[in-house]
Amino acid sequence: MKPDEFREQLRLGGYEIVSRDIEPHHALGQHHHPWDVWGMVTEGSFSIEPTGSISHTYHKGEIFSLHAMVEHTEQAGPEGASILVGRRMPEQTS
């Protein structure tokens, strides 16, 4: 899937769309987000390691997702990363 096609899928899914450029090797320690994430690496590589799980590195053209409130770490690869990210608050059930 091309980035423009992915952006349209995000829009149709009701996601807030954010583009991020991340410096080489930049890392964020353990944290979580209150929203669901659906993203695509558009340049470089990007690793995500959910708590209690194995780290996975995503490369250009690969899509990743993460549910709201999942503790995880993030790190850009040696060449940095550009990512296209959709953020959407999880649906409330009653």
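Readers should treat all values here as calculations from the given coordinates under stated rules, not as data from a laboratory. Everything numeric in this text was worked out from a predicted model, so none of it was measured. Heads up, the Cβs are rebuilt from the backbone with ideal geometry, glycines too, and the neighbour counts pull from every protein chain shown.
Before moving on, here are some points about what is shown:
- Region 20-53, residues that are hydroxyl-bearing (Ser, Thr, Tyr) and either touching a Phe, Trp or Tyr at 6+ places or on another chain (Cβ under 9 Å) or at positive phi (or both): THR42, SER45, SER47
- Residues satisfying the stated conditions in region 18-56, i.e. under 13 Å from the mean Cα position of the chain (by Cα), β-branched (Val, Ile, Thr) and surrounded by fewer than 15 Cβ atoms within 10 Å (Cβ to Cβ): VAL18
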